[in-house]
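Engineer: Structure incoming, see below.
The values are calculated or read from the model by the stated rules, or taken from the named source; none is laboratory data. None of the values given here were measured: they were computed from a predicted structure. A quick note on method: Cβ atoms are made from the backbone with ideal geometry, for glycine too, and the neighbour counts reach across all protein chains shown. Ligands, DNA and RNA are excluded from the accessible area calculation, which covers all protein heavy atoms including side chains. Shrake-Rupley method; radii C 1.70, N 1.55, O 1.52, S 1.80 Å.
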Amino acid sequence: MPNATTGSDTSTAPNAPDSSTTSHTSVTGQMPETMPADFAFSVRFGITGKNEINTFNGTVTKDLVVKGTAQAELVLTDSEMADIYARLRTINIYRELKLEPDMKNCAKTPFGEEHWQIRLDGEERSFYWDEENCEITADAEQLKELRSYIFELVKSKPAYLELPEAVGGYD
């Protein structure tokens, strides 16, 4: 079930599953114009959500399908982080995000899913949605496009290029 949560408890691990069942963020307003010093994010994505880009830990995890996962160190430059922050600010994750589609007239398997965790000024926000119902909302599409952009950056990093190839696929 798609959901989004906000909170100031930073003790939650970036990989911890989100237990909220709301489909909207609960805070409205505008993100700070200047990127906070503690800005970090994690996004898990894909058919099983095993791919992960995690700036909290400085790691990238690749889903190798039948071969498990492989992890490498991830270093994004200050410029790349500032660019990602600016793109998040354009989306404005401080406003209410609609992540659950109104229409649920279709179900597909396998389906992609996305789990975001973002830290700004000591506060963490988590977002989740999936494509099981064959469509995603405009807000989810914006975050998915940002994740695709970030993943393209990551895929060009030498550490990622050294990870093994995936074996098999999802039916």
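Engineer: Answer yes if at least one residue in the stretch 162-170 is in contact with a Pro (Cβ under 9 Å, 6 or more places away or on another chain), open to solvent by 60 Å² or more (accessible area, probe 1.4 Å), in a loop (DSSP other than H, G, I, E, B) and within 22 Å of THR61 (Cβ to Cβ), and no otherwise.
Structural biologist: Looking through the stretch 162-170, at least one residue is in contact with a Pro (Cβ under 9 Å, 6 or more places away or on another chain), open to solvent by 60 Å² or more (accessible area, probe 1.4 Å), in a loop (DSSP other than H, G, I, E, B) and within 22 Å of THR61 (Cβ to Cβ).
Engineer: Still on this structure, I have one more. Go through ASP121, ASP83, ASP78, ASP130 for me and flag whichever is in contact with a Pro (Cβ under 7 Å, 6 or more places away or on another chain), among the acidic types (Asp, Glu) and closer than 23 Å to GLN30 by Cβ.
Structural biologist: ASP121
Engineer: Oh, and also: Could you please find all residues in the stretch 128-149 being part of a strand (DSSP E or B) and out of contact with any Leu (no Cβ under 6 Å at 6 or more places or on another chain)?
Structural biologist: If the condition is that a residue be part of a strand (DSSP E or B) and out of contact with any Leu (no Cβ under 6 Å at 6 or more places or on another chain), then TYR128, ASP130 are the ones that fit.
Engineer: So which of ALA86, ALA138, ALA72 is in contact with a helix residue (DSSP H, G or I) (Cβ under 7 Å, 6 or more places away or on another chain), modelled with pLDDT of 90 or more and among the small types (Gly, Ala, Ser)?
Structural biologist: Going through ALA86, ALA138, ALA72 in turn, just one is in contact with a helix residue (DSSP H, G or I) (Cβ under 7 Å, 6 or more places away or on another chain), modelled with pLDDT of 90 or more and among the small types (Gly, Ala, Ser): ALA72.
Engineer: Just for the stretch 34-44: of the residues that are out of contact with any Ser or Thr (no Cβ under 6 Å at 6 or more places or on another chain) and part of a strand (DSSP E or B), which one is most open to solvent (accessible area, probe 1.4 Å)?
Structural biologist: Filtering the stretch 34-44 for residues that are out of contact with any Ser or Thr (no Cβ under 6 Å at 6 or more places or on another chain) and part of a strand (DSSP E or B), the one most open to solvent (accessible area, probe 1.4 Å) comes out as ARG44.
Engineer: While we're here: If we only count strands (runs of 3 or more DSSP E) wholly inside the stretch 45-110, which ones have 3 or more residues that are more than 13 Å from the chain's Cα centre (by Cα)?
Structural biologist: Once the strands (runs of 3 or more DSSP E) in the stretch 45-110 are filtered for at least 3 residues that are more than 13 Å from the chain's Cα centre (by Cα), what remains is 59-63, 69-73.
Engineer: Could you tell me whether ILE91 is crowded, with 19+ Cβ neighbours inside 10 Å and either among the hydroxyl-bearing types (Ser, Thr, Tyr) or more than 21 Å from ASN133 (Cα to Cα) (or both)?
Structural biologist: It is false that ILE91 is crowded, with 19+ Cβ neighbours inside 10 Å and either among the hydroxyl-bearing types (Ser, Thr, Tyr) or more than 21 Å from ASN133 (Cα to Cα) (or both).
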